[in-house]
Amino acid sequence: MDEDDVRIRPGRRGSRPRTRIRPAHEDAVPGLVVAVDRGRMTVRVDGPDGAVDVTAMRARELGKHGVVVGDRVRLVGDTSGRTDSLARIVTIQERTTSLRRTADDTDPTERVVVANADLLVIVTSITDPEPALGFLDRCLVAAYAGGLEPLLCLTKNDLASAQPLLDRYAGLRLDAVPMSREMPLDDLLDRLRDRMSVFVGQSGVGKSTLVNRLVPDALRATGDVSKIGKGRHTSSSAVLFDLPGGGTVIDTPGIRSFGLAHVTSGDVLSSFDEMADVAADCPPGCGHTAEDPDCALDAWAAAGPPERQEQLAALRVLLGAVGQVGPGY
C-alpha cells in the first residue's frame, strides 16, 4: 500500500487508518437465501452432512445493496448452522431474473421482491373474489420485464368458467392451470418440478392454501374471504420451500398493489420479439396503443393471420397497465 490507499479521519485522536482495499474473502461459502426477516437472513449452505440453514446478516461493505429471497450469496464466519451462530453475507452474485415492484406508480423507489426465480405463478380465483384484472395485468408486466416466465393458476375452478379470463390473454399464449380444493396437483407439479417458482396473488384467492397443499410442512396461515369479497393478508414475509418431488417455491405476502414506476412500454415490448422488431418502424414517441395513428403494429396485424390481432390486443392490455393508477391497479 502507499499513501493513496489509506484514509485518515481528521479531527479524531487515535483514529486508525482505514484502507480502501477490501478483503478478498477467498474462503467465503456459497449459499441460497431462503428467508429474510428484519435484517436477518436465513441462508442454505451445503455442509458435510447435507444442507444446513445458517443465520446471517449483510456485511457493511455491501453498502445499500439489499438481500432478498432467491439471492445466491457468499458467506464468511460461522456457517455451521448452530443455534446462536451468525455469519456475514459478503457477496451477492449477479441476478439472472428479478421480480420488482414499487409501492405505487408515483414512487421512484424500486423494490426487488424475489431474485433468480424461473417461473412467476400468478394465483387468481375465477370467482369469490372476482379476478382483479388490473392486478393480473401488472403481474404479467412485471414477469416479462423481470425475465420470468408467467403461469396463471386459476383457483376455485369448480365455481365458474375460466374462459372469459383466458380470452383476455389469448394472444400471449399464456400457460394456465386450473385448480380447486378437490383437484389433484399433478398438472401444477409438472410445471414446477426442478424450477424455482414464486407465487403471487391477492389475499383471498387461495394462494397460501395452495402452498400448504404443495408443501405440507410449510404451514402458511390461511384466511377466509370477507362478506365484501376481500381476503385478509395471511402471509407476512417471502419464504422459500423445497418441493417434495424437486424444485422450490417461494410464497410471497398477499400484495394489494403492484406499482410499475420502474417499467416502460419498451420493457414490455422487448419480451415479444416479432412485435418488437415491427415496432422499430414506429414514429418517435409512439406508445403502441390504439390511439397512436401511425403505429406500425396496426399494419402488421392487419396484413397477417387473425392470431396477430389477438397478439396485438393482448399486448395493448399489458401496455395499458404501465402507468395506470386506479381501482384494480
Which of (1) more than 18 Å from Thr252 (Cβ to Cβ); (2) aliphatic (A, V, I, L, M); (3) modelled with pLDDT of 85 or more; (4) open to solvent by 40 Å² or more (accessible area, probe 1.4 Å) is the odd one out, the single condition Ala24 does not satisfy?
-> (3)
Pairs, please: C-beta under 7 Å, at least 6 apart or cross-chain, first residue among the basic types (Lys, Arg) and in the range 198-217, second part of a loop (DSSP other than H, G, I, E, B) and open to solvent by less than 40 Å² (accessible area, probe 1.4 Å)?
-> Lys207/Gly201; Arg213/Leu185
Name the residues in the range 238-297 that are among the small types (Gly, Ala, Ser), free of Cβ contacts under 8 Å to residues at least 40 places away in the same chain and not in a loop (DSSP other than H, G, I, E, B), would you?
-> Gly266, Ala276, Ala279, Ala296
Please go through the range 172-202 and pick out each residue that is assigned to a helix (DSSP H, G or I), surrounded by 15 or more Cβ atoms within 10 Å (Cβ to Cβ) and modelled with pLDDT of 95 or more.
-> Leu188, Leu189, Arg191, Leu192
Could you list all residues from the range 138-171 that are within 21 Å of Asn116 (Cα to Cα) and outside any helix (DSSP H, G or I)?
-> Gly147, Leu148, Glu149, Pro150, Leu151, Leu152, Cys153
Can you find a residue in the range 120-137 that is of a type in the set (Ser, Thr, Tyr), within 30 Å of Leu172 (Cα to Cα) and assigned to a loop (DSSP other than H, G, I, E, B)?
-> yes
Kindly provide the set of residues from the range 88-119 that are crowded, with 23+ Cβ neighbours inside 10 Å and either in contact with a helix residue (DSSP H, G or I) (Cβ under 6 Å, 6 or more places away or on another chain) or not in a strand (DSSP E or B) (or both), ordered by number.
-> Leu99, Asn116, Ala117
Among the residues of the range 263-289, write down those that are surrounded by 14 or more Cβ atoms within 10 Å (Cβ to Cβ) and either of a type in the set (Phe, Trp, Tyr) or under 16 Å from Leu148 (Cα atoms) (or both).
-> Val263, Asp267, Val268, Leu269, Ser270, Ser271, Phe272
Do the conditions hold for Arg88, that is, is it among the basic types (Lys, Arg) and either touching a strand residue (DSSP E or B) at 6+ places or on another chain (Cβ under 7 Å) or within 21 Å of Val113 (Cβ to Cβ) (or both)?
-> yes
Within the range 102-114, can one find any residue that is over 28 Å from Gly259 (Cα atoms) and touching a strand residue (DSSP E or B) at 6+ places or on another chain (Cβ under 6 Å)?
-> no
Just name the residue that is least open to solvent (accessible area, probe 1.4 Å) out of those in the range 142-171 that are out of contact with any Asp or Glu (no Cβ under 8 Å at 6 or more places or on another chain), farther than 22 Å from Thr264 by Cα and small (Gly, Ala, Ser).
-> Ala162
Which condition number does Met57 fail, the rest of (1) crowded, with 17+ Cβ neighbours inside 10 Å; (2) in a strand (DSSP E or B) being met?
-> (1)
Leu214 passes all but one of (1) of a type in the set (A, V, I, L, M); (2) modelled with pLDDT under 85; (3) farther than 30 Å from Arg316 by Cα; (4) buried (at least 16 other Cβ atoms within 10 Å of the Cβ); which number fails?
-> (2)
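The values are calculated or read from the model by the stated rules, or taken from the named source; none is laboratory data. Because the structure is a prediction, the values reported are computed rather than measured. Cβ: placed from backbone, ideal geometry, glycine included. Neighbour counts: every protein chain shown. Side chains included, ligands, DNA and RNA excluded: accessible areas come from the protein's heavy atoms. Shrake-Rupley method; radii C 1.70, N 1.55, O 1.52, S 1.80 Å.
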